[in-house]
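A.B. asks: Below are the structure tokens for one structure; questions will follow.
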């Protein structure tokens, strides 16, 4: 049996940047095991399989697989799938934009697609869940050891490490400098014994120092998902938005950040994050960016 696939580079406007994504637009008939094998064959951060929706309000169901496991929600596959499905005509383009909803295991995910010259230009998702916060289980000295850094490299103060999830949990670790972020060397054995089985085993490490006009420089480490590092991570960007919004005194309005990621991997990415606050609390988290088509073909199963 042959299945069509398309690929895109997500959170970039240039091919061979951003985060690679494979999309199988008609995955009906594939078993769970076959989806996992296909994801492992592509060996991208994620592969998306499009299936009929389980509810009438969603365009379709997204099943998202890393090379090692299925995820309940992820940002770059959601954004990339919106681009791909629009390009192949599964999304109607009306008056310069389209609003769709995907059925994902973490919950329904709405996506607004901005159109320019009859083609998708930018997509913005609203996370299926509001930020959930939990304290870090590791002391700063342990985190420094885990990352191959000095405890002095951690930012500290109001920016203490914290686990946050908007559908997928990340341990967020703020560092003092852009240089410290680049010098990270994960102690994998220590990660296995200290973090691997916790609520938030994935790491999102950031600095306010950047290489560009972006607001934040980020690296995301995710060895438990079959990859050492991810070049652009929408779910981590959402969690980081929730983390920063909780520390911002704004009571009502919208906060915005731009994230640069993937620099150390040679796949520069740009992610936009917006957080609405109402009466001092987070009311919505949105993540957006661009994508470009790269390849298309068939895979035989």
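The values are calculated or read from the model by the stated rules, or taken from the named source; none is laboratory data. This structure is a prediction, so every number in the text was calculated from the model and none was measured. Note: ideal-geometry Cβ built from the backbone for every residue, glycine included; neighbour counts use all protein chains shown.
A.B. asks: If the requirement is being under 15 Å from the mean Cα position of the chain (by Cα) and touching a residue at least 40 places away in the same chain (Cβ under 8 Å), which of these qualifies: 85, 62, 6?
C.D. replies: Numbers: 85 fails: under 15 Å from the mean Cα position of the chain (by Cα); 6 fails: under 15 Å from the mean Cα position of the chain (by Cα).
Just one listed residue meets the conditions, 62.
A.B. asks: Tell me which residues, restricted to region 148-170, are within 27 Å of residue 11 (Cβ to Cβ), without any contact (Cβ under 8 Å) to a residue 60 or more places away in the chain and in contact with a helix residue (DSSP H, G or I) (Cβ under 8 Å, 6 or more places away or on another chain).
C.D. replies: Taking region 148-170 and keeping what is within 27 Å of residue 11 (Cβ to Cβ), we get 148-149, 153-155, 159, 161-170.
From what's left, without any contact (Cβ under 8 Å) to a residue 60 or more places away in the chain: 148-149, 153-155, 161, 163.
Hits for region 148-170 are 149, 153, 154, 161.
A.B. asks: Residue 91 fails exactly one of the following numbered conditions: (1) touching a helix residue (DSSP H, G or I) at 6+ places or on another chain (Cβ under 9 Å); (2) farther than 22 Å from residue 267 by Cβ; (3) at pLDDT 95 or above. What is the number of that condition?
C.D. replies: Every listed condition holds for residue 91 apart from (3).
A.B. asks: Mind checking which pairs have a first residue in region 250-267 that is assigned by TED's automatic domain parsing to the domain that holds residue 185 and a second that is at pLDDT below 95 and loosely packed, with under 13 Cβ neighbours inside 10 Å, Cβ under 7 Å, 6 or more apart or different chains?
C.D. replies: These pairs meet every condition: 260/211; 260/212; 263/211.
This table checks each residue for (1) over 18 Å from the mean Cα position of the chain (by Cα); (2) crowded, with 24+ Cβ neighbours inside 10 Å; (3) within 22 Å of residue 16 (Cα to Cα).
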| residue | (1), (2), (3) |
| --- | --- |
| 240 | no, yes, no |
| 255 | yes, no, no |
| 266 | no, no, yes |
| 274 | no, no, no |
| 285 | no, yes, no |
| 290 | no, no, yes |
| 297 | yes, no, yes |
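Rundown of residues vs (1) farther than 21 Å from residue 170 by Cβ; (2) surrounded by 19 or more Cβ atoms within 10 Å (Cβ to Cβ), yes/no style:
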site	(1), (2)
45	no, yes
58	yes, no
68	no, no
72	no, no
88	yes, no
100	yes, yes
104	no, yes
108	yes, no
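A.B. asks: Quick check: is even one residue across region 214-235 more than 18 Å from the chain's Cα centre (by Cα) and in the same structural domain as residue 158 (by TED's automatic domain parsing)?
C.D. replies: No, region 214-235 contains no residue that is more than 18 Å from the chain's Cα centre (by Cα) and in the same structural domain as residue 158 (by TED's automatic domain parsing).
A.B. asks: Further, regarding this structure: Might you check whether a residue that is surrounded by 14 or more Cβ atoms within 10 Å (Cβ to Cβ), at negative phi and in a strand (DSSP E or B) occurs anywhere in region 144-154?
C.D. replies: yes
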